[in-house]
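K.L.:
Sharing a structure, written as structure tokens. Questions coming.
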Amino acid sequence: MSHLSEIDSQYIAHTYARFPVEIESGKGSLLKGFDGKTYIDMGSGIAVNSFGAADDVWIAAVTAQLGKIQHTSNLYYTEPCAKLAEMLCMRTGMKKVFFGNSGAEANECAIKAARKYAAEKKGPAYSTIVTLENSFHGRTLTTLAATGQEHYHELFQPLTPGFVHTPANDFEALVQTCEAQPTAAVLLECIQGEGGVIPLTDEFVAQTAAYCKEKDILLMIDEVQTGNGRTGKLYAYMHYGIQPDVVSTAKGIGGGLPLGICMLGEKVQDVFQPGDHGSTFGGNPICCAGALSVLERLDEAFLNEVSAKSAWIFSALEGAPGVKAVTGKGLMIGILTEKPAGEVLKACMENGVLCLTAKDKVRLLPPLNTPMELLEQAVSVILEACKEGL
Ligand SMILES: *Cc1c(COP(=O)(O)O)cnc(C)c1O
């Protein structure tokens, strides 16, 4: 291939192992390569393009704002960011939001909120953030420290201190960890995404929430991947009947434009004062206008469709030849295959379906509005790839 991959390998830092696919354009859940090949998109740019490629409603919202004002700085008020913040709070019960540009930044804000809250309430020693083993919270030095996977840490020491990791779904261990040092907050993903699409158990989440409440330890949920309709609820924590103190999100909320959001609940709503935190691009009107249009469409009826599509995919995959297990919720699905996940992914790609992997699993994160017939086509390609040559 070609020209693009040559320029890329010469001039772009080699942080990504890219696949040999050069995407020219797309519409909905179909992507087109420069070579004319068409793919069904089962990754949506890693849970970002919530309504697929070049969605008409989203384009209209974004371009309308582009024609008004693209950026103002945070010295002035703008309409899309105010409306988006209001709608997010109305739909989550959270009280205030901070806008940044990425998942990592949303988590940085959560961590700063927790440190400041705990320092003021209990004293500066209460700085520890407890996260789970096998978690993923981002690539900045602080969110890497939060990430409970050693192999991401090795080359970048020293990381921000004050993070400890405890095994997922082990409440006793979590209590021990929180008691072993003065703890400000627990930060967790309801379904570990990069870690292999592993949901936390209802019991663990409920016990953790009750414990955090009792000890005035903040419960912070990383909804960067699980959020914004991905799991069939607006946010994944809503499956568990809990009300977190802090929720971070990014990826799918912008529908394809960069936007990170840290939502602050009752306890921490006033923790930040002018000067404590900021971001030049945070709350950018274009990104917020796109996000507002995404959020408006994630209504009850639409979320029920996500769940129905999910149920169909689970039933088609579970117990199929070459499929050992299916995990996840909504349209965030992990498939443990008998063959190595990378081989299945490659066979799917050759047959026009773009999947992802997460650890040892094939991972599906299709656009939330993918029509049933495309899901059926994609799943039949995936099933064939799982059993072929076994
Ligand atoms: C992707 C991801 C992040 C990091 O988001 P970026 O936008 O890449 O900074 C953080 N947490 C979770 C759970 C993620 O899936």
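The values are calculated or read from the model by the stated rules, or taken from the named source; none is laboratory data. In this text the structure is predicted, and so the values were computed from the model without any measurement. Because the Cβ atoms are built from the backbone with ideal geometry, glycine has one as well, and the counts that use them run over all protein chains shown. With ligands, DNA and RNA removed, areas are computed over all heavy atoms of the protein, side chains included. Shrake-Rupley method; radii C 1.70, N 1.55, O 1.52, S 1.80 Å.
K.L.:
With in contact (Cβ under 8 Å) with a residue 60 or more places away in the chain and not charged (D, E, K, R) as the only criterion, which of Val224, Val205, Val175 stands out?
P.N.:
When all the criteria are applied, what remains is Val224.
K.L.:
Any chance segment 301-324 includes a residue that's free of Cβ contacts under 8 Å to residues at least 60 places away in the same chain, more than 16 Å from the ligand (Cβ to nearest atom), open to solvent by 10 Å² or more (accessible area, probe 1.4 Å) and in contact with an Asp or Glu (Cβ under 7 Å, 6 or more places away or on another chain)?
P.N.:
yes
K.L.:
Residues that are more than 16 Å from the ligand (Cβ to nearest atom) and over 20 Å from the mean Cα position of the chain (by Cα), at least 2 per element: which helices (runs of 4 or more DSSP H) completely within segment 42-123 meet that?
P.N.:
Here the list reads 56-66, 79-92, 103-122.
K.L.:
Is at least one residue of segment 151-159 within 15 Å of the ligand (Cβ to nearest atom), free of Cβ contacts under 8 Å to residues at least 24 places away in the same chain and in the same structural domain as Gly193 (by TED's automatic domain parsing)?
P.N.:
Yes - at least one qualifying residue is present in segment 151-159.
K.L.:
While we're on this one: Test Lys68 against the stated conditions and say whether it is more than 29 Å from Ala358 (Cβ to Cβ) and open to solvent by 80 Å² or more (accessible area, probe 1.4 Å).
P.N.:
In short, yes.
K.L.:
Just give me the residues in segment 197-231 being small (Gly, Ala, Ser), in contact with a strand residue (DSSP E or B) (Cβ under 6 Å, 6 or more places away or on another chain) and more than 12 Å from the ligand (Cβ to nearest atom), in sequence order.
P.N.:
Ala209
K.L.:
May I pose another question? Give me the pairs, please: first residue somewhere in segment 358-379 and over 23 Å from Pro340 (Cα atoms), second residue anywhere and of a type in the set (D, E, K, R) and surrounded by fewer than 24 Cβ atoms within 10 Å (Cβ to Cβ), beta-carbon distance under 7 Å, and either six or more positions apart or on two chains.
P.N.:
Met372/Lys309
K.L.:
Let me spell it out: the conditions are (1) surrounded by fewer than 22 Cβ atoms within 10 Å (Cβ to Cβ); (2) assigned by TED's automatic domain parsing to the domain that holds Ile46; (3) among the hydrophobic types (A, V, I, L, M, F, W, C), and Met332 meets all of them except one. Which number is the exception?
P.N.:
(1)
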